[in-house]
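Shown next, in structure tokens, is the structure this report addresses.
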Amino acid sequence: MKKILITRKLIKESEDKASQTFDPIFNTNDELYSQSKVIEMSKGCNGILTSLTDKMDKETINKLPDTIKIISNFAVGFGNIDLDAAKQKGIAVTNTPEVLSDATAEIGILLILGACRRASEGIVSAQEGGWKWSADYLIGKQLTGARLGILGMGRIGQKIAKIAKSLGMIIHYHNRSKLSEEKELGATYHDSIKSLFSVSDVLSICCPATKETENMINKETVEFFPKGAVITNVARGDIVDDEALIDALNRRKIYAAGLDVYKNEPNLNPGYNKIKSVFILPHLGSATKDTRIAMANLAIDNIDEFFKTGNCKNKVN
Ligand code: NAP
């Protein structure tokens with residue numbers, strides 16, 4: 001049986017499956033392992049089941065024992081792993097696509113609703129009690145009829161588009177390549193972010209964090225939006241230059257932001273906490289029981305498939 005280090009505690013059903021599939025080392029206290037601890041604990045192992053809290057950079061990967069043949073990430077994103085370093089060391093990297101798209105799209109929609117309809121201010125006001133109703137009390141932005149720009153119309157982006165369309169939003173998107181008409185579902189393609197941002201009353205960031213997308217929302221690009229636009233991010237914090245977004249929010253160039261992900265999570269830029277129109281969540285995208293079980297089970301199946309066949313359909317490097 002292959003010996004696998006599982007760096008974070010999984011839901012019981014998934015740990016049971018791991019025990020039936022291979023010889024696992026569990027993290028019973030769900031301790032956040034340092035990079036050196038991961039290296040140390042992986043001695044004698046054939047693979048590692050990582051999660052997005054594990055920074056598998058070049059230095060860490062190069063120090064892994066030669067017995068490690070696979071890093072199976074418990075996420076669809078894999079910005080926490082240096083894919084080239086892994087490839088050079090002969091380590092396959094896999095992810096968990098599809099199974100988390102619905103749950104993450106739900107949070108994407110929650111961000112849009114929360115930011116547009118001033119949910120943060122509303123919650124505080126309701127908790128304090130004694131608010132005074134008036135015709136213009138906490139009025140927000142209506143979704144019906146608003147243009148939603150989707151940056152990264154992949155699995156999650158398309159699901160968000162479908163739900164947003166049912167709410168009466170008009171969908172625009174940018175990818176590096178245009179989708180087929182069947183996948184576009186009537187959305188309008190833009191071949192540049194400038195073109196997309198200029199028609200986005202609301203933006204939903206759904207693309208992966210890569211060298212190309214890092215700080216795509218920055219001092220210059222934030223000016224492409226119509227005044228009073230709303231920016232939401234359900235993808236990864238690295239795509240947003242926080243200082244530029246915070247400045248745009250303070251100037252009211254950007255009306256509100258809805259964020260689930262941050263640079264340097266869980267330590268988000270303190271500037272966000274000072275702005276009432278920011279609706280923030282602690283990286284909840286895939287956080288439903290069904291989805292977390294499906295993700296862990298897929299991460300386990302990826303390892304099993306890899307050792308049985310020498311390859312894996314969810315290999316990303
Ligand atoms: P996906 O199906 O691969 O979709 C990604 C989309 O982004 C594709 O349409 C791709 O189109 C586009 N894209 C990639 N690079 C781009 C670039 N440089 N410029 C413009 N568009 C680009 O991925 P997914 O499953 O929807 O997941 C998307 C991301 O969501 C993940 O990478 C992950 O980081 C994040 N996520 C977050 C949570 C959470 O908890 N908040 C949960 C799950 C996933 P082209 O290739 O044509 O450019």
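Readers should treat all values here as calculations from the given coordinates under stated rules, not as data from a laboratory. On a predicted model such as this, the values are computed, not experimentally measured, just so you know. Cβ coordinates were reconstructed from backbone atoms using ideal geometry, including for glycine residues, and neighbour counts include every protein chain displayed.
So here's what we get for this one:
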read-out	value
Residue satisfying condition, being over 24 Å from LYS276 (Cβ atoms) and either within 13 Å of the ligand (Cβ to nearest atom) or among the hydroxyl-bearing types (Ser, Thr, Tyr) (or both), within set SER120, SER166	SER166
Leading residue by the ranking (surrounded by the most Cβ atoms within 10 Å (Cβ to Cβ)) among those in the range 250-300 that are polar (S, T, N, Q) and closer than 24 Å to GLU223 by Cβ	SER277
Failed item, numbered, when ASN317 is tested on (1) surrounded by fewer than 19 Cβ atoms within 10 Å (Cβ to Cβ); (2) in contact with a helix residue (DSSP H, G or I) (Cβ under 6 Å, 6 or more places away or on another chain); (3) assigned to a helix (DSSP H, G or I)	(3)
Single residue of the range 117-157 satisfying the filter (part of a loop (DSSP other than H, G, I, E, B) and of a type in the set (Lys, Arg)) that is surrounded by the most Cβ atoms within 10 Å (Cβ to Cβ)	ARG118
Identity of the residue in the range 260-278, within 14 Å of the ligand (Cβ to nearest atom) and in contact with a helix residue (DSSP H, G or I) (Cβ under 7 Å, 6 or more places away or on another chain), that ends up farthest from ILE205 (Cα to Cα)	GLU265
Lone unmet requirement of (1) over 30 Å from GLY157 (Cα atoms); (2) in contact with a helix residue (DSSP H, G or I) (Cβ under 9 Å, 6 or more places away or on another chain); (3) surrounded by fewer than 17 Cβ atoms within 10 Å (Cβ to Cβ) for LEU32	(2)
Tally of residues being among the aliphatic types (A, V, I, L, M) and out of contact with any helix residue (DSSP H, G or I) (no Cβ under 9 Å at 6 or more places or on another chain) across the range 124-148	4
In the range 164-207, the residues that are under 20 Å from the mean Cα position of the chain (by Cα) and surrounded by fewer than 17 Cβ atoms within 10 Å (Cβ to Cβ)	ARG176
In the range 250-261, residue farthest from ILE150 (Cα to Cα) [restricted to those that are in contact (Cβ under 8 Å) with a residue 24 or more places away in the chain and out of contact with any Phe, Trp or Tyr (no Cβ under 8 Å at 6 or more places or on another chain)]	ASN250
Given (1) assigned to a loop (DSSP other than H, G, I, E, B); (2) of a type in the set (Lys, Arg); (3) over 26 Å from ILE139 (Cβ atoms); (4) more than 9 Å from the ligand (Cβ to nearest atom), number of the condition ARG252 does not satisfy	(3)
Matching entry among GLU212, GLU182 (being more than 14 Å from the ligand (Cβ to nearest atom) and among the acidic types (Asp, Glu))	GLU182
Which listed residue, of THR50, THR104, is closer than 30 Å to VAL230 by Cβ and within 16 Å of the ligand (Cβ to nearest atom)	THR104
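Per-residue answers, yes or no, for (1) closer than 23 Å to VAL316 by Cα; (2) of a type in the set (A, V, I, L, M, F, W, C):
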{"site": "GLY149", "(1), (2)": "no, no"}
{"site": "ILE156", "(1), (2)": "yes, yes"}
{"site": "LYS159", "(1), (2)": "yes, no"}
{"site": "LYS162", "(1), (2)": "no, no"}
{"site": "GLU182", "(1), (2)": "no, no"}
{"site": "LEU185", "(1), (2)": "no, yes"}
{"site": "HIS190", "(1), (2)": "no, no"}
{"site": "ILE205", "(1), (2)": "yes, yes"}
{"site": "ALA209", "(1), (2)": "yes, yes"}
